[in-house]
Amino acid sequence: MASDFTDKTPSRLELLSEAVRRADERATAGQLALEVIHEIRNPLEALANLLYLANLEANDCEPVRRYLALAEEQIITVNRIANQTLSYAKVHLSPSPTDLAGVAEAALRIQQQAISARKVNLVKDLPEKLEAKVYTSEILQVISNMVGNAIDAVQEGGTVCLRLRKSQGKVRILIVDNGHGIPKEHLSEIFEPFFTTKADRGTGLGLALSKSIVERHQGKIRVRSSAHPGKSGTAFRISLPA
């Protein structure tokens, strides 16, 4: 009986990894919420101005109708943003068919502040209707984490590419940067828990958790990198069943 109990007891590393995964999910949700607030600010300001103008012209039906039609467009925009955000943040008991372009766009919104601060040249190729059956919030977390790593790797004005492709029954998510690259001797270690090259800025669990999430989806994550001066950069490829 004692051995059975030991076998079923999570290890300290497993407990810590799960705690960090949940903390990362909350952090991702918080970052996304901030970006959504920023995104809906403009339509809300436009809506307030249109209602103000409609009130000024209250005695003239024609401009009021025009202002109200424009106001309705702004409400539709806010509603679309809210619905998309809810679908990304929603926790599903089972994976569901998801448009990965929308998830990728949400991940970019999470990282928008860092993209702007680094003056990153963002190249994206996100064709619509590339679906995979996934836990949406988890794949959002993975893409956001990978894009964040790419941003950290590049110099100011560097390039980060995010692309979606479908091939041989799989959807592939490509995250490529022209940053400093990963030394060859570290490539076999980057997915190990607690391994980090970011000194005191990283926990060393981001890539390990991302790999775990991808494998939970019966997917694979691969990396190619060069640290040669003038030819440096890193490419991650995530493959998920379509």
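Exactly one residue out of SER226, SER210, SER239 is small (Gly, Ala, Ser) and closer than 12 Å to ASN178 by Cα: that is SER226. Tallying residues that are assigned to a loop (DSSP other than H, G, I, E, B) and either among the aliphatic types (A, V, I, L, M) or crowded, with 23+ Cβ neighbours inside 10 Å (or both) within region 144-174 yields 1. Considered as a group, the residues in region 120-143 that are free of Cβ contacts under 8 Å to residues at least 60 places away in the same chain and farther than 21 Å from VAL160 by Cα include one that is surrounded by the fewest Cβ atoms within 10 Å (Cβ to Cβ), and that residue is LYS129.
Let's see how each residue does on (1) of a type in the set (Val, Ile, Thr); (2) farther than 20 Å from THR234 by Cβ; (3) more than 13 Å from the chain's Cα centre (by Cα):
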position	(1), (2), (3)
VAL120	yes, no, yes
LYS133	no, yes, yes
GLY148	no, no, no
GLY157	no, no, yes
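Pairs linking a residue in region 54-79 that is more than 20 Å from ILE40 (Cβ to Cβ) to a residue that is of a type outside the set (S, T, N, Q) and assigned to a loop (DSSP other than H, G, I, E, B), with Cβ atoms under 6 Å and 6 or more positions apart or on different chains, are PRO63/GLU57; VAL64/GLU57. Determine whether LYS129 is touching a strand residue (DSSP E or B) at 6+ places or on another chain (Cβ under 7 Å), modelled with pLDDT of 90 or more, assigned by TED's automatic domain parsing to the domain that holds ILE213 and among the basic types (Lys, Arg). The answer is no for LYS129.
Answer yes if at least one residue in region 190-204 is aliphatic (A, V, I, L, M) and at pLDDT 85 or above, and no otherwise. Scanning region 190-204 turns up at least one residue that is aliphatic (A, V, I, L, M) and at pLDDT 85 or above. In region 142-161, the count of residues that are over 26 Å from ALA227 (Cα atoms) and assigned by TED's automatic domain parsing to the domain that holds HIS228 is zero.
Take the conditions (1) modelled with pLDDT of 95 or more; (2) more than 25 Å from ALA114 (Cα to Cα); (3) among the basic types (Lys, Arg); LYS166 misses just one of them, which is (1). Annotation: of all residues in region 35-45 being at pLDDT below 80 and under 11 Å from VAL78 (Cα atoms), the one that is surrounded by the most Cβ atoms within 10 Å (Cβ to Cβ) is VAL36.
Under the condition of being buried (at least 16 other Cβ atoms within 10 Å of the Cβ) and part of a strand (DSSP E or B), the residues counted in region 93-119 number 2. Determine whether region 3-26 contains at least one residue that is in a helix (DSSP H, G or I) and at pLDDT 80 or above. Looking for residues that are in a helix (DSSP H, G or I) and at pLDDT 80 or above, one finds none in region 3-26, hence no.
The set of residues in region 73-86 that are modelled with pLDDT of 75 or more and surrounded by fewer than 12 Cβ atoms within 10 Å (Cβ to Cβ) contains only ILE76. Residues of region 175-195 that are surrounded by fewer than 20 Cβ atoms within 10 Å (Cβ to Cβ) and among the β-branched types (Val, Ile, Thr): VAL176 alone.
The values are calculated or read from the model by the stated rules, or taken from the named source; none is laboratory data. Since this is a predicted model, take the numbers as computed values, not measurements. Glycine also receives a Cβ, built like all others from the backbone with ideal geometry; neighbour counts cover every protein chain displayed.
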